[in-house]
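Data first, discussion second: the structure below is written as structure tokens.
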Amino acid sequence: MPEDLTLRPRSLEEYIGQERLKSKLRVYLEAARARKEPLEHLLLSGPPGLGKTTLAHVIAYELGVNLPNSLEEGDILFIDEIHRLSRQAEEHLYPAMEDFQMDIVIGQGPAARTLRLELPRFTLIGATTRPGLITAPLLSRFGIVEHLEYYTPEELARGVMRDARLLGVAIAEDAALEIGRRGRGTMRVAKRLFRRVRDFAQVAGEGTITRSRALEALEALGVDELGLERRDREILEVLIGRFGGGPVGLQTLATALAEDPGTLEEVHEPYLIQQGLLKRTPRGRVATERAYRHLGYPPPVEPLL
């Protein structure tokens, strides 16, 4: 079994972070169980790596149902990146979500006929990193709409400590916290960094991952104290060094970096903006004073627009 699956939490108790969301989910789940009804359709949104898929599995476990290929009464149907559904597939979902029925057209032209299938009562859990792309008709059919937040360094450290325990790896608390600080607020990233730090400690023949070993490994990985990776710093370097800090258009910046504009906008920029290193303005991207200081440049004389 893949390592990620063996480490995935099964219950809300094991699921680290997202405390406000978990508090609400406990109410929804208890109410659904008391009524002996499926949970209302649920939409989970948030950046990649925050645990939307894992949370869907946790909900299924808490309800004692499955995430199957063929639905049974009360089961959960999980659709990741639901905003990418075609319009035709989306329209098929409407009667399924509302009336637990699906119409299938058999044949073509004048001989075509519609066959209505009765579906078991189920819960659809949709996950998306782009909630703004979900159409209003689909969004209105979700009874529960929740957004996952970024994790604190302490929560990420708890996730690292949990994985270390399950893998039989000894790690100092301050080492786990150092990894958490550089985990970009994302559990997936923190756990990936932990596995790579574990590799460095193992090759060094150390039985316990110490903070000094973690720092050495993270430096070798190119992850700095803000969690920026080499590509993140390159973006800021080009913005400051080649374009005077901006403003510069997305396409121009992407061309200068030999990067896909979509990757720049969706993968790198959100964290740079969250950290106060980059601004999006009507005239283009602008490096902030904090970005100058982080890279060791003197701050600009005039305020950047």
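The values are calculated or read from the model by the stated rules, or taken from the named source; none is laboratory data. If you're wondering where the values come from, they're calculated on a predicted model, not measured in any experiment. Please note: Cβ atoms are built from the backbone with ideal geometry, for glycine as well, and neighbour counts cover all protein chains shown. Surface areas here come from the heavy atoms of the whole protein model, side chains and all, with no ligands, DNA or RNA. Shrake-Rupley method; radii C 1.70, N 1.55, O 1.52, S 1.80 Å.
Other residues with beta-carbon under 12 Å from the beta-carbon of Gln202 carry, at +1 per Lys or Arg and -1 per Asp or Glu, a net charge of +2. In this structure segment 19-107 gives 54 Å² per residue of accessible area when probed at 1.4 Å with all protein chains present.
The residues of segment 256-303 expose on average 57 square angstrom of accessible surface per residue, using a 1.4 Å probe on protein heavy atoms. Taking the 1.4 Å solvent-accessible surface of the chain as the whole, the part contributed by carbon and sulfur is 50%. Put a dot 7 Å past the Cα of Ala256, heading toward its Cβ, do the same for Glu37, and the two dots end up 5.6 nm apart. Under 1.5 on a/c is rounded, so check that first for segment 230-295, then, if it is not, pick prolate when a/b is larger than b/c and oblate when it is not; a ≥ b ≥ c are the square roots of the alpha carbon gyration tensor eigenvalues. Rounded is the answer for segment 230-295, as its axis ratio a/c remains below 1.5.
Computed log10 I(q)/I(0) for segment 153-221 at 0.21, 0.23 Å⁻¹: -0.72, -0.88, from the Debye equation with unit scatterers placed on every C-alpha and solvent omitted.
Spacing of the modelled spin labels on Glu73 and Met102, each 7 Å from Cα toward Cβ, amounts to 2.0 nm. Taking only the alpha carbons of the chain, we obtain Rg and Dmax values of 23.3, 75 Å in that order. At what distance in angstrom do the alpha carbon centres of segment 57-101 and segment 196-246 lie from each other? When both Cα centres are located, 40 Å separates them.
Backbone amide hydrogens, once placed in the peptide plane, bring Val145 within less than 5 Å of Leu43, excluding anything fewer than 5 places away on its chain. Compared with the direct C-alpha span, the chain from Arg192 to Glu206 gains 3.1 nm at full extension, assuming 0.36 nm per residue. Near Ala96: Cβ cut-off under 12 Å, other residues only, Lys/Arg at +1 and Asp/Glu at -1. The net charge is -3. Size descriptor for segment 259-300, Kirkwood hydrodynamic radius: 10.9 Å (Cα pairs only, one decimal).
Each other residue within a Cβ distance under 12 Å of Arg181 adds +1 if Lys or Arg and -1 if Asp or Glu, for a net charge of -3.
For the pair Glu289 and Gln274, label points projected 7 Å from Cα toward Cβ lie 2.5 nm apart. Each peptide in 213-220, 182-189 was scored by the mean count of other Cβ atoms within 10 Å over its residues; highest first, the order is 182-189, 213-220.
Per-residue Karplus couplings for segment 9-14, computed as 6.51 cos²θ - 1.76 cosθ + 1.60 with θ equal to phi - 60°, are listed in order as x, 9, 10, 4, 4, 7 Hz, Gly and Pro entered as x. In this structure segment 153-221 gives 48 Å² per residue of accessible area when probed at 1.4 Å with all protein chains present. Given a Förster distance of 45 Å, report the FRET efficiency between Arg165 and Ser140 from their Cβ-Cβ distance, rounded to the nearest 0.05. According to the calculation, E is roughly 0.55. Taken over the chain, lysine pairs spaced eight or more positions apart, or on distinct chains, with alpha carbons under 27 Å apart number 8.
Take 204-210, 154-160 and order them by the average number of nearby Cβ atoms within 10 Å per residue, most first; the result is 154-160, 204-210.
Note: relative contact order over the chain, using C-alpha pairs below 8 Å and six or more positions apart, is 14 percent. Of the listed residues Lys36, Lys191, the order by accessible area with a 1.4 Å probe, largest first, is Lys36, Lys191.
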